[in-house]
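Input: a single structure, listed below in C-alpha cells.
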Amino acid sequence: MVLQGKTVLLGVTGGIAAYKMPNVARMLKKMHCNVRVLMTENACNFITATTFETLTGTKCLIDTFDRNFEFSVEHVALAKQADLVLIAPATANVIGKIAGGIADDMLTTTVMACTCKTLIAPAMNHNMYHNPIVQDNLQKLEKFGYEIIPPDTGMLANGDMGDGKLPSEEVLVEYVVRELAREKDLAGKRVLVTAGPTQEALDPVRFLTNHSTGKMGYALAKSAMLRGAQVTLVTGMTALAPPMFTHVVPVVTAEEMYHAVIKYAPWADIIIKAAAVADYRPAETAKDKIKKKDGEASILLERTRDILGELGHRKSCGELKAFLCGFSMETQNLEENSKEKLRKKHLDMVAANNLKVEGAGFGTDTNVITLLTKSKVRNLEKMGKEEAADQILDVIQEEMKKSESENLENC
C-alpha cells in the first residue's frame with residue numbers, strides 16, 4: 001500500500017531497454033500505484049502497448065490525436081493527475097526534445113504540461129551518452145529541475161562495455177518510492193543511524209559478536225531517508241542491502257564504530273544508536289589460530305569504548321547539539337534499566353525492548369518497543385520494524401518541537 005492514491009506517468013521511449021519497463025509498471029501496481037503509460041511510436045518497435053495495458057488496467061497512450069480519448073484534452077488532464085513522471089528508457093532523441101522545449105507527440109506534450117517532478121533515466125550507447133551535446137542537454141534539464149537517474153555500467157546491447165545501461169527495475173522503482181512514499185517532514189534534517197553488530201577478533205579465525213541482524217537500524221535509516229532527511233548509516237557487518245540514497249559507512253569493530261560515530265556526530269541533527277555494540281573485546285588478539293587443547297580455556301576481556309556514553313557526555317557539556325536516542329535491549333526490569341540509561345548517559349530518548357517478549361528482539365521482522373523520555377513513557381504495540389521506525393521518528397520530532405518551544409519561551 002506504499003503508493004496508494006499516487007499517480008505515476010511512465011514514459012517509455014524507443015530504446016532496447018524498454019523491455020524492462022513492463023516489470024516496473026507491474027511492481028508499481030503491486031504497491032497500489034495508479035500507473036499511466038505513454039509511449040513514443042519508436043518504443044512500439046520494442047514492446048507493445050497491449051503489454052502495458054494488461055499490466056496497468058489503463059489505456060497506453062501514443063497518439064496525441066487519438067480520437068478514443070478519455071479526457072477532453074488528454075495530455076493536460078494527465079499532467080494534472082500526475083504526482084511524478086518517470087521517463088525510462090530516455091533516448092538521446094527525447095532528452096534533446098524536452099531540453100529544447102519540443103512537444104510533438106503525446107509523451108513530450110504531456111511532460112511539458114506537467115508541474116510535478118520528472119525523473120529521466122538515460123539509456124543508450126556509451127559514446128552517445130558521453131556525446132557533449134547529450135551531456136549538455138542533461139545538464140540543461142537538471143538546471144530546469146529535472147532529476148537525472150545515473151545509468152549503470154556494464155555490457156550494452158551492442159556488446160560494448162561502458163555506461164549508458166538502464167538501471168535495474170528495482171532501482172527505478174526505488175527512485176519512485178523515495179519521491180512518493182512519505183511526506184518529507186524531515187527535509188533539511190541530518191540523521192546519523194548506527195545498526196548491526198560489531199565483531200571483536202579473538203584470532204584470525206574467530207570473533208566475539210551478538211545476534212543482531214541490523215534490521216531495526218536499517219529500517220530507521222530507510223524511513224528517515226523516505227521522509228526527506230539526509231542520512232548517514234554506520235553499520236556493522238550484516239546480510240542486508242543498505243537502503244538506497246543513504247551514505248553508508250561500513251565498520252567491523254566497536255573501536256571502528258566509535259571513530260565513525262564521533263566523526264559524523266557534529267554533522268547530525270538527530271543521532272539514533274540502534275547498533276548492538278560489543279561491551280567487551282578480547283584483551284589480546286592472537287596472530288595465529290588458537291589451537292584446541294585438552295582442559296578448560298579462558299579469555300581475558302577488556303571494555304570497549306562507550307560510544308553512547310561519550311555522545312551523552314558531549315551533549316551534557318554543550319559540545320553536541322543533536323537529539324540523542326539510544327536503544328536498550330533488556331531481559332528484565334526493562335523500564336527501570338532504561339530510565340537509568342536515559343539519566344546516566346544524558347539521552348533525550350531511549351527505545352527499549354525485552355528480548356524475552358514474543359515478536360521483539362534480534363532477527364525478527366517485528367518489534368515491541370517502549371519509548372522513554374524524561375517526561376513520558378510510551379508503550380508501542382507489536383508491529384513491523386518499518387512501522388516501528390516511523391513511530392520512533394514521529395516521537396523524536398514531537399520531542400524536538402517541544403524542546404524548541406521551551407527554548408523560545410525561556411528566551
- Task: State the volume of the convex hull built on the alpha-carbon positions of the chain, expressed per residue in Å³ and rounded to an integer.
- Result: 207
- Message: Which order do you get for Phe323, Phe362 if you rank them by accessible area with a 1.4 Å probe, largest at the top?
- Response: Phe362, Phe323
- Assigning unit charges at the beta carbon (Lys, Arg +1; Asp, Glu -1) and nothing else, what dipole magnitude in debye, to the nearest 20, does the range 43-184 show about its Cα centre? 300
- Scan around Tyr280 for amide H atoms under 5 Å from its own, H built in the peptide plane at 1.01 Å from N, and keep only partners 5 or more places away or cross-chain. Thr304
- Taking a probe of 1.4 Å and leaving out DNA, RNA and ligands, the chain shows per residue an accessible area in Å² of 50
- Message: Using Cα-Cα distances under 8 Å and only pairs 6 or more residues apart, what relative contact order does the chain have, in percent?
- Response: 10
- Query: So what is the calculated 222 nm ellipticity per residue for the chain, using -39500 (n - 2.57) for each DSSP H run with n of 4 or more, over all residues, to the nearest 500 deg cm²/dmol?
  - Reply: -10000 deg cm²/dmol
- Cβ charges +1 (Lys, Arg) and -1 (Asp, Glu), total dipole of the range 252-336, debye: 380
- May I ask you to list the trypsin sites (Lys or Arg not before Pro) in the range 324-411 that are in a DSSP loop and have at most 15 other Cβ atoms within 10 Å of their Cβ? Lys356, Lys374, Lys376, Lys382
- Surface/4 estimate of mean projected area, convex hull on alpha-carbon atoms of the range 21-171, nm²: 8.8
- Residue-by-residue Karplus 3J(HN,Hα) for the range 104-111, coefficients 6.51, -1.76, 1.60, Hz, glycine and proline x: 10, 8, 4, 5, 6, 5, 5, 4
- Message: Need one word for the range 283-347: rounded, prolate or oblate. Basis is the Cα gyration tensor (sqrt eigenvalues a ≥ b ≥ c); a/c below 1.5 gives rounded, then a/b vs b/c decides.
- Response: oblate
- Task: Treat every Asp and Glu Cβ in the range 238-293 as -1 and every Lys and Arg Cβ as +1, leave all other atoms uncharged, and give the resulting dipole magnitude about the Cα centre to the nearest 20 debye.
- Result: 460
- Message: Projecting each Cα onto the charge dipole of the chain (Lys/Arg +1, Asp/Glu -1 at the beta carbon, about the Cα centre), which of Cys60, Ala103, Thr238 comes out farthest on the positive side?
- Response: Thr238
- Message: What is the ratio of the Cα radius of gyration of the range 260-371 to 2.2 N^0.38 Å, with N the residue count, to two decimals?
- Response: 1.33
- Message: Give the residue list of chymotrypsin sites (Phe, Trp or Tyr not before Pro) in the range 80-182 that are DSSP loop and have at most 13 other beta-carbon atoms within 10 angstrom.
- Response: Phe144
- Item | Residue pairs, from the table Lys97/Lys165; Lys222/Lys345; Lys20/Lys165, whose Cα atoms sit over 18 Å apart | Lys97/Lys165; Lys222/Lys345
- Query: Taking only C-alpha pairs under 8 Å that are 6+ residues apart, what is the relative contact order of the range 262-411 in percent?
  - Reply: 16
- Roughly speaking, to the nearest percent, how much of the range 72-138's 1.4 Å accessible area is carbon and sulfur? 54
- Query: Sorted by packing (mean other beta-carbon atoms within 10 Å per residue), highest first, where do 232-245, 21-34 land?
  - Reply: 21-34, 232-245
- Task: For the chain, give the share of DSSP beta bridges that are antiparallel, in percent and rounded to the nearest 5; count only bridges with both residues there.
- Result: 30
- Among Pro266, Met124, Tyr218, the residue whose Cα sits farthest towards the positive end of the charge dipole of the chain (+1 at Cβ of Lys and Arg, -1 at Cβ of Asp and Glu, taken about the Cα centre) is Pro266
- Query: By how many degrees, 0 to 90 and rounded to 10, does the Cα axis of helix 21-30 deviate from the longest principal axis of the chain?
  - Reply: 60
- Pair-distance profile P(r), taking every C-alpha pair of the range 99-164, with 5 angstrom steps and integer %: 4, 16, 22, 23, 17, 11, 6, 1
- Task: Give the long-range amide H neighbours of Lys6: residues separated by 5 or more places, or on another chain, with amide H under 5 Å away, using H modelled in the peptide plane at 1.01 Å from N.
- Result: Asn34
- Do you know the relative contact order of the range 15-165, to the nearest whole percent, from alpha carbon pairs under 8 angstrom that are 6+ apart? 20
- Query: With a Cα-only, solvent-free Debye model of the range 210-281, what are the log10 I(q)/I(0) values at q = 0.15, 0.18 Å⁻¹?
  - Reply: -0.46, -0.67
- Computed over the chain: longest principal axis from alpha-carbon atoms vs helix 254-264 long axis, angle to nearest 10 degrees, is 60
- Query: Of Met21, Leu180, Asn93, which is farthest along the charge dipole of the chain in the positive direction, counting Lys and Arg as +1 and Asp and Glu as -1 at C-beta?
  - Reply: Leu180
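The values are calculated or read from the model by the stated rules, or taken from the named source; none is laboratory data. Since the structure is predicted, the reported quantities are computational estimates derived from the model, not experimental observations. Note: ideal-geometry Cβ built from the backbone for every residue, glycine included; neighbour counts use all protein chains shown. Remember, those area values only see protein heavy atoms, side chains included, never the ligands or the DNA or RNA. Shrake-Rupley method; radii C 1.70, N 1.55, O 1.52, S 1.80 Å.
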